[in-house]
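A quick write-up on the structure given underneath.
Please treat every number below as a calculation from the coordinates, not as lab data. This one's a predicted model, so the numbers in the text were calculated from it and none came from an experiment. Backbone-built Cβ (ideal geometry, glycine too); neighbour counts: all protein chains shown.
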Amino acid sequence: MINDIQQEASDRMAKSIEALKKSFTKIRTGRAHPSLLDQVMVSYYGADTPLSQVANVMVEDSRTLAVTPWEKNMMQAIEKAIMSSDLGLNPVTNGNVIRVPLPMLTEERRRDLVKIVKAEAENGRISIRNIRRDANSEIKEALKEKMVSKDEAHAGEEKIQKITDQYIKQVETLLEEKEADLLSI
């Protein structure tokens, strides 16, 4: 019973870490990376489709992404999708390739991005703590219904706390890495 609660909490916390990693990839550094355009959705025959499913995204150089559509008639739709995304990028069409130059990040913009990253990390910590609270309340409910003993419940809560500490540490590590990445020129 308690092992199931611990396993479920651990699984949910791992998903929170994955969500945090995904949100960190959306916050760009000065370097070009194909994952920068992962969340861009293109209208493809009436359906919103991820950019990676309608075009090839490559790094041309450290400051430029090259997007090559698989169908020539998708050029305008892709360009429009990149412009309307909240990334602040201005694509340039050049024959069969759409080039996406990444502007230099100013010191002030870097500081703003660090604040955003810290807020995302705090949201990750909060979600992990909420999962801990849910797991502990499940254990207390099991104790109340006499499905587990007091000792088992106490040991279960301690284990949940250890799992929580482990995932909070992962959040801190991810935050430090992203912060260092943003502040490096």
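Under 5 Å between amide hydrogens, built in the peptide plane, is the criterion, and for Ala32 it picks out Arg63, Thr64 among residues at least 5 positions away or on other chains. As a rough guide to protection, the peptides 150-163, 101-114 ranked by mean Cβ packing within 10 Å, highest first, stand as 150-163, 101-114. Compute the helix-to-body angle for 150-183: its Cα long axis versus the longest principal axis of the chain, expressed 0 to 90° and rounded to tens. Its long axis makes an angle of about 20 degrees.
Kindly identify segment 1-63 as rounded, prolate or oblate by the Cα gyration tensor criterion: order the square roots of the eigenvalues as a ≥ b ≥ c, call it rounded if a/c is under 1.5, otherwise compare a/b with b/c, prolate if a/b is larger, else oblate. Please list the in-between numbers first.
Details: a/c = 4.13, a/b = 1.85, b/c = 2.24.
Oblate shape, in that a/c is at least 1.5 and b/c is the bigger or equal ratio.
Axis angle, to the nearest 10 degrees, between helix 2-26 and the longest C-alpha principal axis of the chain: 20 degrees.
Near the amide H of Val42, within less than 5 Å, lie the amide hydrogens of Thr49, Leu51, all on another chain or at least 5 residues away, with H placed in the peptide plane. Separation of segment 131-183 and segment 1-47, taken as the distance between their Cα centroids, equals 21 angstrom. Computed from Cα positions, the angle between helix 75-84 and the longest principal axis of the chain comes to roughly 50 degrees. Label separation (Ser137 vs Ala19): 1.6 nm, computed from points 7 Å beyond Cα along the C-beta direction. Computed on the chain, with alpha-carbon pairs under 8 angstrom and 6+ residues apart, the relative contact order is 27 percent. Model label points for Val92 and Trp70, set 7 angstrom from Cα along the Cα-to-Cβ axis, are 2.8 nm apart.
Hull volume per residue, based on the alpha-carbon atoms of the chain and their convex hull, is 131 Å³.
One-quarter of the Cα convex hull surface for segment 34-101, in nm²?
One quarter of the hull surface, i.e. the mean projection, equals 4.0 nm².
Taking each residue as 0.36 nm, the span from Lys80 to Ser149 lengthens on full extension beyond its C-alpha to C-alpha distance by 18.8 nm.
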